[in-house]
Amino acid sequence: MTAKAYPARRGTHVDVGPQTYRGSMSAAAQLTFDDLGPALNQVTFVVVDLETDGGSPVGAGITEIGAVKVRGGEVIGHFQTLVSLGRPLPPFIRALTGITD
């Protein structure tokens, strides 16, 4: 997936993830729909979901990765894989997610 650079517009630079937007607003101003660039139904994007073995980022590991690629409101690709932590999953996480060792 490649990030698009939108044409410069009236000065101010705002980073929105891997994309860059140049528009005319102060740092505290809210963007309008026109300022945001293309609508979601006009771009391709990927939604990513992670499952972990804990509720805290400290000491928790990823147990599953899922991703769905969407264009124009239609799913055009998907990916899913389990990840081995190299240690047993806690019983609560096995019951909650249905993922086993």
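The values are calculated or read from the model by the stated rules, or taken from the named source; none is laboratory data. In this text, all values refer to a predicted model and were calculated from it rather than measured experimentally. Cβ atoms come from the backbone with ideal geometry, glycine included; neighbour counts cover every protein chain shown. For accessibility, only protein heavy atoms count, side chains too; no ligands or nucleic acids. Shrake-Rupley method; radii C 1.70, N 1.55, O 1.52, S 1.80 Å.
Below, the figures for the structure above:
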quantity	calculated
Thr97-Leu31 pseudo-label distance in nm [points 7 Å out on the Cα-to-Cβ vector]	3.1 nm
Distance (nanometres) between label positions extended 7 Å along Cα→Cβ at Val75 and Ser56	3.5 nm
Normalised per residue, the volume of the convex hull around the Cα set of region 23-101 (Å³)	155 Å³
Å² per residue, accessible surface of region 34-89 at 1.4 Å	69 Å²
Surface share of carbon and sulfur [accessible, 1.4 angstrom probe, percent] for region 27-101	59 percent
